[in-house]
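Peer 1: I'd like to ask you about the structure that follows.
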Amino acid sequence: MIPSSQLAALRTARHLVVFTGAGVSAESGIPTFRDSLTGLWQRFDAASLATLEAYQQHPALVWGWYEWRRMHVLQAQPNAAHQAIAELARHVPRLTLVTQNVDDLHERAGSEDVIHLHGSLHHPRCVVCGREPSKPLPPPDEPAEGRRLEPPKCEYCDGRLRPGVVWFGESMPAGALDEAFAAARHCDVLISVGTSGVVYPAAEMPERAWRAGATIIHVNPQPSVTHDEREYALSGPAGLVLPRLLQEAFGS
Ligand code: BV8
Ligand code: ZN
């Protein structure tokens with residue numbers, strides 16, 4: 001049973017922010033960020049592979065890792081958590097969805113205007129001219145786990161493509177962070193779903209909303225709560241908890 005105080009906060013929210021991390025895609029079979037280093041990549045830690053330096057030094061290794069992840073996403077389906085978030089938007093006057101994820105499962109579940117703080121697997125761009133391919137890249141041909149893949153050439157110049165993600169040490173897309181922080185300042189409730197909250201500045205989202213007076217609800221099998229008022233945890237997998245939250249708050 002979800003405490004009535006959280007249900008009431010949700011029912012009366014004028015502006016709801018949903019902030020998601022890799023945990024929201026876990027039940028779609030997408031390894032969370034920390035679990036995504038298997039096989040050959042196991043000997044790396046994510047923070048060292050997800051960098052421009054790693055791509056410059058080992059382009060085929062890094063491109064292979066992202067193509068392997070992109071292939072997983074193309075083969076995956078949005079899960080009940082993505083669907084519940086898309087449905088929530090129909091029950092509150094305003095919902096802002098901010099994700100750290102680089103997959104497109106929120107969009108495929110029907111969410112619109114998703115703010116991607118860390119970019120997307122589906123928008124590679126040229127390292128020289130910055131342009132994206134004129135049409136989506138074909139699904140990678142089953143890159144074997146850990147196999148190197150040469151980054152494709154740009155169709156407009158002699159540059160190579162890089163993943164359209166934000167690497168450690170890189171700034172977020174200009175407007176995305178401002179828009180996300182503005183929503184955190186303005187919302188009444190922020191639901192944080194499936195994130196370890198260790199990567200900054202994205203991880204500031206819940207605290208910024210709390211400081212502005214919002215109610216914070218963490219959805220995570222291992223949630224962590226900092227404040228003893230206006231901050232709650234719903235322990236469990238998002239694919240179970242979010243549909244229940246939707247059902248108990250809005251009967252849908
Ligand atoms: C920046 C895209 C300004 C790539 C990602 C030195 C120099 C520069 C910056 C720094 C520095 N030292 C520190 C920093 C800041 C740095 C940082 O925070 N480092 C960390 C390691 C301390 N940040 C940056 O560099 C950022 N940029 O600061 O710019 C700047 C610019 C230049 C110079 C100076 C400053 C950019 C960071 C963006 C990195 N890119 N992703 C890719 O995907 O490959 S981060 C990546 O990891 C994710 O996007 C996400 O944000 C982050 C954490 O992942 P999570 O989503 O939380 O997933 P995780 O696996 O960690 O946890 C899963 C959670 O789900 C768990 O809690 C688990 O319990 C839960 N879960 C599991 N199953 C379920 C579930 N929950 C619900 N249901 C389930 N079923
Ligand atoms: Zn180019």
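The values are calculated or read from the model by the stated rules, or taken from the named source; none is laboratory data. Note that the structure is a prediction, hence the values are computed from the model and not measured. All Cβ positions, glycine included, derive from the backbone under ideal geometry; neighbour counts span all protein chains shown. Please note that ligands, DNA and RNA were not included when accessible areas were found on the heavy atoms of the full protein model with its side chains. Shrake-Rupley method; radii C 1.70, N 1.55, O 1.52, S 1.80 Å.
Peer 1: Sort S224, S111 from largest to smallest accessible area, using a 1.4 Å probe on the heavy atoms of the protein chains.
Peer 2: Of S224, S111, the descending order of accessible area is S224, S111.
Peer 1: Which far-off residues, 5 or more places away or on another chain, put their amide H under 5 Å from the one on V18, with H placed in the peptide plane?
Peer 2: Hits under the 5 Å cutoff: T96, L97, V98, I191.
Peer 1: Taking only the alpha carbons of the range 68-131, what extent do you get along each of the three principal axes, in Å, biggest first?
Peer 2: 44, 25, 15
Peer 1: Now a separate question. Using 0.36 nm per residue of separation minus the Cα-Cα distance, give me the extension gain between Q222 and V198 in nm, one decimal.
Peer 2: 7.3 nm
Peer 1: If R₀ is 30 angstrom, what is the calculated FRET efficiency for the pair L240 and M71, using the beta carbon separation as r and rounding to 0.05? Please list the in-between numbers first.
Peer 2: Details: r = 27 Å, r/R0 = 0.90.
Efficiency, rounded to the nearest 0.05: 0.65.
Peer 1: Given points 7 Å out from each Cα along the Cα-Cβ axis, report the Q57 to E207 separation in nanometres with one decimal.
Peer 2: Those two pseudo-labels are separated by 3.0 nm.
Peer 1: How many angstrom lie between the Cα centre of the range 210-226 and the Cα centre of the range 143-192?
Peer 2: 25
Peer 1: Could you go through the range 226-239 in sequence order and give the Karplus-derived ³J(HN,Hα) for each residue, using 6.51 cos²θ - 1.76 cosθ + 1.60 with θ = phi - 60°, rounded to whole Hz, and x for Gly and Pro?
Peer 2: 9, 9, 8, 9, 6, 9, 9, 10, 10, 7, x, x, 4, x
Peer 1: In addition: Quick one: longest stretch of the chain between exposed loop trypsin sites (Lys or Arg not before Pro), exposed meaning at most 12 other C-beta atoms within 10 Å and loop per DSSP?
Peer 2: It runs 91-252.
Peer 1: Would you calculate the convex hull of the Cα atoms in the chain and tell me its volume per residue in Å³?
Peer 2: Working: hull volume 30.6 nm³, N = 252.
For the chain, the hull spanned by Cα atoms encloses 121 Å³ per residue.
Peer 1: Subtract the Cα-Cα distance of V128 and S252 from 0.36 nm times their separation in residues, and report this length gain in nm to one decimal.
Peer 2: Stretched out fully, the V128 to S252 stretch lengthens by 39.8 nm.
Peer 1: Further question: Classify the range 37-173: rounded, prolate or oblate, from the alpha-carbon gyration tensor (a ≥ b ≥ c, eigenvalue square roots; a/c under 1.5 rounded; otherwise prolate if a/b is larger than b/c)?
Peer 2: prolate
Peer 1: So what is the diffusion coefficient of the range 127-252 in µm² per second by Stokes-Einstein at 4 °C and 1.567 mPa s, using a Kirkwood Rh over Cα pairs? The partial results should precede the final answer.
Peer 2: Numbers: Rh = 18.1 Å.
Approximately 72 µm²/s, per Stokes-Einstein.
Peer 1: Assuming 0.36 nm per residue, please report the length gained on full extension of the stretch K135 to R14 beyond their Cα-Cα distance.
Peer 2: 39.7 nm
Peer 1: When DSSP assigns beta bridges and you keep just the ones with both residues in the chain, what percent turn out antiparallel, to the nearest 5?
Peer 2: Bridges in the chain that DSSP calls antiparallel: roughly 20 percent.
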